[in-house]
Structures are given as structure tokens and as C-alpha cells.
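What follows is one structure encoded as C-alpha cells, with my remarks underneath.
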Amino acid sequence: MLSILASDFIKIRRKLIWFLIFLGPFGVVALQAVNFGLRYDYLTKVHEKDLWAGLIGEAGYLAIPALMLGLTLIASMISNIEHQTNAWKQLLALPVSKLRVFTGKFLLTALLLFVSSTFLLLGIIVLGFFLKFGTDIPLLSLLKMAYFPYLAAMPFIALQIWLSITMKNQAIPLVIGIVGTILSLMSFRFPDWMPWKWPSLTNGWNDPLYSVTFGLVCGLAIYLIGLLDFARKDVK
């Protein structure tokens, strides 16, 4: 599996994927910098009891659509490397199982999004220092904001990789991912069982761990379904 991942990392070495990994969190941090810069007095008054919590909450709201759109684009770009060069038959002709190929693409996407989430965490810390919010950083809240939505979004990572690998026309996976991003913006209206609500970490139990658990379990199920589908069909 490490050799598969190493090979995939080489393939994306000079691709725009790395730019997207940085662009998503940079965009969230930059928008919050503008937000607080223009409304500093108002926002610091609103969040005067806990300035860091206010910044984390404001950033977390923007981070969800950035995550959803980012995973859609990254999954498509990773899979499209083989589609553009018609290399799927050559890749699958090698002495490597379809299970490893599919899992490698999934893990690569998940790892890149983990790196992007880490950039977001670091960016929020830098912005908080720049805004003079002090050094009493709520690390636990920051970790939850950066990584819990990422874990809760596992069903969409698995789904987008599945669709992007098995469909040469990337317009279909991209449209599905964009629709999912739009739905995530309206997720507060949805019941708790709908996956688009899980990255927002809101539920009837008022416990984000439930959303994370649902995301991980459903993500594993979709990954297994996608793996079985990929294993039984010919990818052109």
C-alpha cells in the first residue's frame, strides 16, 4: 500500500492539487481576516466573553463548504490523471489488486484533506494572534473545528472517489459534489440522519461526536460499496 501511495504522490507532484490544498484554508482565513478587519469593534463586542471561540465559530461556518467543494475537486483531479492519459488499463494490468488501487486513491484524498485541515488550524492561530486575541488558545475547540467536520465528511470523500474513478466524464461527479456543497449550506434545516448535516456537527444530542461517528461509519460503508463496484467492472 505504501508503494501505491508513493506512486500516487509522484503523479500529483506538479499538479494544481497542492495549490488547492493550500487555497481552501487560506480562503477561509483570508475571509475571516476581512470580516474581523471591517467589523472588528462589533465582532469583538459580540464575542467579548470568548474572542477565540467567536473566531473559531465564524471560521468553522465557512470551512464546511470549503471542505465539501475541496474534496470534490481533489477527488476528481486525482482520478482524472489516469482518465486523461487513458492509463487505467495499464495500471490495472500491473501485479496490483484493484483493492489497493481504489484504497490508494481514497487514502491519498483523505491525507491531502487532512493536510488542508491542518493548514486551516494553523491559519486560525496566526489570525488570532494578529487580531490580538491573546495566547490562551482553546486547542481542543480548534482541533474539533479543523478535524471533526473532516471526519464527518468521510461519506462524501468515499462517494466522490468512487464516482470519479468509475466515470470518465468528470462533469457528473463534479455536479454531484457541487450540489452537495450547496446542500451543506442549508443543512441546519435537515434532520439529523441526512449526511449533509454531519459536517456541521449539529444534532439533537448537542454532541459533535455523534456526527463524527455517523460520518465514519457511513464513510466506511460507502467505501466498501465503491470498492466492490470498482472490483467487478472494467474501467476504461
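For Leu55, the conditions (1) assigned to a loop (DSSP other than H, G, I, E, B); (2) open to solvent by less than 40 Å² (accessible area, probe 1.4 Å) all hold with the exception of (1). For residues in the range 203-234 being over 22 Å from the mean Cα position of the chain (by Cα) and among the acidic types (Asp, Glu), which is farthest from Leu99 (Cα to Cα)? Across the range 203-234, the extreme among qualifying residues is Asp234.
Taking the criterion of being more than 18 Å from the chain's Cα centre (by Cα) and assigned to a helix (DSSP H, G or I), the residues of the range 10-32 that qualify are Ile10, Lys11, Ala30, Leu31, Gln32. Quick one: would you say Val96 is open to solvent by 10 Å² or more (accessible area, probe 1.4 Å), of a type in the set (A, V, I, L, M), part of a loop (DSSP other than H, G, I, E, B) and over 30 Å from Pro195 (Cα atoms)? Yes; evaluated as a whole, the condition is true for this residue. Taking the range 23-52 as the range and being in contact (Cβ under 8 Å) with a residue 40 or more places away in the chain and surrounded by fewer than 14 Cβ atoms within 10 Å (Cβ to Cβ) as the test, only Tyr40 passes. I want to confirm something. Restricting to the range 81-90 and keeping residues that are open to solvent by 30 Å² or more (accessible area, probe 1.4 Å) and part of a helix (DSSP H, G or I), which single residue is modelled with the highest pLDDT? So the residue we want is Gln84. Residues in the range 151-165 that are among the β-branched types (Val, Ile, Thr) and open to solvent by 10 Å² or more (accessible area, probe 1.4 Å): 0 in all. For the range 103-110, the condition holds for at least one residue, the condition being that it is open to solvent by less than 50 Å² (accessible area, probe 1.4 Å), among the charged types (D, E, K, R), closer than 17 Å to Pro155 by Cα and part of a helix (DSSP H, G or I).
Counting the residues of the range 118-148 that are assigned to a helix (DSSP H, G or I) and over 17 Å from Phe22 (Cβ atoms) gives 12. Determine whether the range 60-80 contains at least one residue that is modelled with pLDDT under 90 and surrounded by fewer than 13 Cβ atoms within 10 Å (Cβ to Cβ). Checked against the condition, which is being modelled with pLDDT under 90 and surrounded by fewer than 13 Cβ atoms within 10 Å (Cβ to Cβ), the range 60-80 yields no hits at all.
Within the range 183-236, being of a type in the set (Lys, Arg) and surrounded by 15 or more Cβ atoms within 10 Å (Cβ to Cβ) holds for one residue alone: Lys197.
Scanning the range 180-236 for residues that are acidic (Asp, Glu), in contact (Cβ under 8 Å) with a residue 60 or more places away in the chain and not in a helix (DSSP H, G or I) yields a total of 0.
In the range 130-148 there is at least one residue that is at pLDDT 95 or above, surrounded by 20 or more Cβ atoms within 10 Å (Cβ to Cβ), aromatic (Phe, Trp, Tyr) and within 24 Å of Leu73 (Cα to Cα). One residue alone among Gly134, Gly104 is small (Gly, Ala, Ser), in contact (Cβ under 8 Å) with a residue 24 or more places away in the chain and on the phi > 0 side of the Ramachandran plot, and that residue is Gly134.
The values are calculated or read from the model by the stated rules, or taken from the named source; none is laboratory data. Given the structure is predicted, the values throughout are model-derived calculations rather than measurements. Quick reminder, even Gly has a Cβ in these numbers, built from the backbone with ideal geometry, and neighbours come from all protein chains shown. SASA here: full protein model, heavy atoms, side chains in, ligands and nucleic acids out. Shrake-Rupley method; radii C 1.70, N 1.55, O 1.52, S 1.80 Å.
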